[in-house]
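A quick write-up on the structure given underneath.
The values are calculated or read from the model by the stated rules, or taken from the named source; none is laboratory data. If you're wondering where the values come from, they're calculated on a predicted model, not measured in any experiment. Heads up, the Cβs are rebuilt from the backbone with ideal geometry, glycines too, and the neighbour counts pull from every protein chain shown. All accessible areas refer to the heavy atoms of the entire protein, side chains included, with ligands and DNA or RNA removed. Shrake-Rupley method; radii C 1.70, N 1.55, O 1.52, S 1.80 Å.
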Amino acid sequence: MIFGLVAVIGVYWVGRRAGGALLGLIAATLLATSHWAINFSRLGMPDVAAPAMLGLGLGALCTAMSR
């Protein structure tokens, strides 16, 4: 469940860097309510960490490239 929350935060971060706070909020809302994210996070599948780490990695990349 923690990785699901981290994935939503990462997607918000990427969306905010790419198109502003509204895009980040929309992207995070879509991920938070998607069937895929809810099931993988709730069941604790072994690959649930991948979307969270990808979101955080892309957020860090977007931040680094803008500086």
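Just a few scattered comments:
- Number of residues in segment 1-37 that are more than 24 Å from residue 61 (Cα to Cα) and either modelled with pLDDT of 85 or more or surrounded by 14 or more Cβ atoms within 10 Å (Cβ to Cβ) (or both) equals 1.
- Long-range neighbours under 8 Å by Cβ, at least six apart or interchain, first residue at negative phi and touching a residue at least 60 places away in the same chain (Cβ under 8 Å) within segment 1-24, second open to solvent by 50 Å² or more (accessible area, probe 1.4 Å) and not in a helix (DSSP H, G or I): none
- Within segment 39-67, if we keep just the residues that are open to solvent by 80 Å² or more (accessible area, probe 1.4 Å) and of a type in the set (A, V, I, L, M), the residue that is modelled with the lowest pLDDT turns out to be 43.
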